[in-house]
Amino acid sequence: MIMKEMICICCPMGCHLKVDDSDMNNIKVSGNTCPRGEKYAKEEVVCPKRMVTSIVEVEGGTVRMVSVKTTESIPKDKMFEALEKIRNMTVKAPVKKDQVILQNVLGLGVDFVATKDVPKREIPQYIVSLDQGTTSSRAIIFDKTGSIVKVSQKEFTQIYPKPGWVEHNPEEIWNTQLFVLKDVIKKAHIPMTAIVAIGITNQRETTIVWDKNTGKPVYNAIVWQCRRTAEYCDTLKAQGYDDMIYAKTGLTIDAYFSATKIKWILDNVEGARERAEKGELLFGTIDTYLMWKLSAGAIHATDYTNASRTMLYNIKELCWDKELLRLFSIPESMLPEVLPSGYHFGNCDRGVVGRDIPICGVAGDQQAALFGHLCVDKGCVKNTYGTGCFTLMNTGKDFVTSKRGLITTLAASQEDGRPQYVLEGSVFVGGAVLQWLRDELKLIKTAREADELSATVPDTGGVYIVPAFVGLGAPHWDAKARGTITGLTRGTTRAHFVRAALESIAYQVFDVVHAMESDIGSDIPMLAVDGGASVSNILMQFQSDLLKAKVVRPSVIETTALGVCYLAGLTAGVWSNIDDLKKSITVGREFTPSMDEDYRYKLLLGWEESIARAKHR
């Protein structure tokens, strides 16, 4: 008996088989075989034509491999040559049954096709937003739907060297931000490879100067709230620089912005000016400092929104303004490169969190919130109800010169376009009036209680509270105005008083929005809202009634962090465009105006009379 040797091709194992076909009615197979291999061997003996089967690898599928076969039989002498053609082949998921994997194998007019379906595996993608604020550093992980996965937050020290002076320790800011970044990733239990990008949003204007070589700050961060340079700003105004600076930067001269803070450091820290002129020192707002630290010194950059708050950046020409640099005696070598908000700035160094992660979105906090609402069209307005209130209106390509005490700044932008302009107005005391009720007057224990108590009365009973504790912001700009209460009667109750405080927030926002409407010559149809006090349904309904406009509160009110999540995700390819992004947004609640117009007019008239009494005479 002569045994025939053959190689089984039913699978990639390539088992060696021995076949005894001396009795064609009883073919015997031995060797390392399986039922399929034995069937193959017997058919190989009796049939001169064969189907070829094998497997190919699948990329991004629910399984890693899929079996394939030829659509028709092919000659025996071509089998192994055909198999060689698909060796190490990879196809991308999804794969459909009978999908052609390789066409016209060896010119025989026969294809390799898939024998089953392999669906595409959905790979989770996450974005980390670093939200560096005035009192705490936070990190928030968002998924592809814009939903929050995990949050980590850590407060840091507030430093008050003198009355009116406010500082932060830059290294403490960095340490807290690094801590929450690592902590939020640990809490989320997600692989590092699933984090596709980092976005950064920050307290604006706060100024840091550090050594280019060592990374060590030469002085504490001077915070946006700090008033140490107020007298110098008054001097500049007296010298007539206000119009020139506004025309270039859209800002009024104020200690709020970064320029005078940089100058103060250079003039008051021993050796700082000399070192700066030698190119040894760097300046940055918080975003710039964090990118420098995250990248191990590889990135010295900022975005348009943060640059536009320095009082050094020409928002018409989109460049650092040399005339302003000379005015404030600031070397241009200190300044960061200015880039779009949605941009691949560089990578977070692998030494920081164990992997290089692209930094793809940066924006100052208020512009980030504007983008978080997707207020990317001209006329869109958002208000953030925080300790104060910040109202921003997208004015598109138009630099609107305000006649009502508002400033003009730049909106967050993507790499493919010039940044749009924004009108901005700020209210000094917003949600802080509720803190006053709670901490100083002891009228409420929680902010929620203010809402509940206000709901027990239909109105304030004629009471108005003007919370001008530190003066009045936009559009009144009266630093010497002081808090005023009008309309008190013997019938005034605790509920009336609390409701008057809550409504004072809406009145102040109305004043800012009304100023914007006057500047652009048209009414707004809708106000997007976020921030702590926006959870109050009573406040939001009253705001809608005053504005005669729809008020929209999103389901996720963390719009500042969400804004840079969107910017980073668009840059990293998580979303293809704004329209794609809009599909993932869900509205939390909409409020529509329902107040009688005569009654609305009466309320606003009472507010204007109260404001007049609060102003300094």
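The values are calculated or read from the model by the stated rules, or taken from the named source; none is laboratory data. Values in this document were obtained by computation on a predicted structure and should not be read as measured data. Here Cβ is always computed from backbone atoms with ideal geometry, including for glycine, and neighbour counts include all displayed protein chains. These accessible areas exclude ligands, DNA and RNA; they are computed on the full protein's heavy atoms, side chains included. Shrake-Rupley method; radii C 1.70, N 1.55, O 1.52, S 1.80 Å.
How about segment 536-553: which of its residues are open to solvent by 10 Å² or more (accessible area, probe 1.4 Å), farther than 18 Å from M393 by Cα and free of Cβ contacts under 8 Å to residues at least 60 places away in the same chain?
Once the filter is applied, which keeps residues that are open to solvent by 10 Å² or more (accessible area, probe 1.4 Å), farther than 18 Å from M393 by Cα and free of Cβ contacts under 8 Å to residues at least 60 places away in the same chain, segment 536-553 yields Q541, F542, D545.
For segment 113-170, which strands (runs of 3 or more DSSP E) that fit wholly inside it have 1 or more residues that are within 29 Å of I578 (Cα to Cα) and open to solvent by 70 Å² or more (accessible area, probe 1.4 Å)?
The qualifying strands (runs of 3 or more DSSP E) are 148-155.
For segment 481-491, does any single residue satisfy the condition of being among the aliphatic types (A, V, I, L, M), out of contact with any Gly (no Cβ under 6 Å at 6 or more places or on another chain) and open to solvent by less than 40 Å² (accessible area, probe 1.4 Å)?
Scanning segment 481-491 turns up no residue that is among the aliphatic types (A, V, I, L, M), out of contact with any Gly (no Cβ under 6 Å at 6 or more places or on another chain) and open to solvent by less than 40 Å² (accessible area, probe 1.4 Å).
When both residues are 6+ apart or on different chains and their Cβ atoms are under 6 Å apart, which pairs have a first residue that lies in segment 375-386 and is of a type outside the set (G, A, S), and a second that is part of a strand (DSSP E or B) and open to solvent by 30 Å² or more (accessible area, probe 1.4 Å)?
Pairs found: T384/F390.
Which pairs turn up if I take residues in segment 11-38 that are in contact (Cβ under 8 Å) with a residue 40 or more places away in the chain and look for partners that are among the aliphatic types (A, V, I, L, M) and open to solvent by less than 70 Å² (accessible area, probe 1.4 Å) with beta carbon separation below 7 Å, at least 6 apart in sequence or on another chain?
Listed by first residue and then by second, the contacts come to P12/I55.
Please go through segment 5-19 and pick out each residue that is at pLDDT below 80, open to solvent by 80 Å² or more (accessible area, probe 1.4 Å) and not hydrophobic (A, V, I, L, M, F, W, C).
E5, P12
Name the residue that is surrounded by the most Cβ atoms within 10 Å (Cβ to Cβ), counting only residues in segment 504-528 that are hydroxyl-bearing (S, T, Y) and within 27 Å of F469 (Cα to Cα).
Among residues in segment 504-528 that are hydroxyl-bearing (S, T, Y) and within 27 Å of F469 (Cα to Cα), the one surrounded by the most Cβ atoms within 10 Å (Cβ to Cβ) is S504.
For a quick check of your reading of the model, give me the residue pairs whose first member lies in segment 222-245 and is under 13 Å from I159 (Cα atoms), whose second is open to solvent by less than 30 Å² (accessible area, probe 1.4 Å) and part of a helix (DSSP H, G or I), with beta-carbon atoms closer than 8 Å and at least 6 apart or on different chains.
I222/K261; I222/I265; C226/K261
On the basis of being in contact (Cβ under 8 Å) with a residue 12 or more places away in the chain and either loosely packed, with under 12 Cβ neighbours inside 10 Å or of a type in the set (K, R) (or both), does V574 make the cut?
no
Would it be correct to say that D511 is modelled with pLDDT under 95 and of a type in the set (D, E)?
The answer is no for D511.
For M65, which of the numbered conditions (1) of a type in the set (A, V, I, L, M, F, W, C); (2) touching a residue at least 24 places away in the same chain (Cβ under 8 Å); (3) under 30 Å from E122 (Cβ atoms) fails to hold?
(2)
Check whether at least one residue in segment 394-404 is without any contact (Cβ under 8 Å) to a residue 60 or more places away in the chain and buried (at least 18 other Cβ atoms within 10 Å of the Cβ), and report yes or no.
Yes, because at least one residue in segment 394-404 is without any contact (Cβ under 8 Å) to a residue 60 or more places away in the chain and buried (at least 18 other Cβ atoms within 10 Å of the Cβ).
From the residues in segment 450-480 that are farther than 22 Å from L251 by Cα and out of contact with any helix residue (DSSP H, G or I) (no Cβ under 8 Å at 6 or more places or on another chain), which one is surrounded by the most Cβ atoms within 10 Å (Cβ to Cβ)?
E452
For segment 420-450, what are the residues that are in a loop (DSSP other than H, G, I, E, B), out of contact with any Pro (no Cβ under 7 Å at 6 or more places or on another chain) and hydrophobic (A, V, I, L, M, F, W, C)?
F428, L441, L443, I444 - these are the residues of segment 420-450 that are in a loop (DSSP other than H, G, I, E, B), out of contact with any Pro (no Cβ under 7 Å at 6 or more places or on another chain) and hydrophobic (A, V, I, L, M, F, W, C).
Could you say which residue among V29, V45 is in contact with a strand residue (DSSP E or B) (Cβ under 9 Å, 6 or more places away or on another chain), of a type outside the set (S, T, N, Q) and modelled with pLDDT of 80 or more?
Going through V29, V45 in turn, just one is in contact with a strand residue (DSSP E or B) (Cβ under 9 Å, 6 or more places away or on another chain), of a type outside the set (S, T, N, Q) and modelled with pLDDT of 80 or more: V29.
Do any strands (runs of 3 or more DSSP E) entirely within segment 20-109 hold 1 or more residues that are open to solvent by less than 50 Å² (accessible area, probe 1.4 Å) and among the acidic types (D, E), and if so, which?
none
Each row is one residue, and each column tells you yes or no for (1) acidic (D, E); (2) more than 20 Å from M311 (Cα to Cα); (3) at pLDDT 95 or above.
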residue: A194; (1), (2), (3): no, yes, no
residue: I198; (1), (2), (3): no, yes, yes
residue: A221; (1), (2), (3): no, no, yes
residue: R227; (1), (2), (3): no, no, no
residue: E231; (1), (2), (3): yes, no, no
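Any idea how many residues of segment 81-105 are at pLDDT 90 or above and over 29 Å from R121 (Cβ atoms)?
Within segment 81-105, residues that are at pLDDT 90 or above and over 29 Å from R121 (Cβ atoms) number 1.
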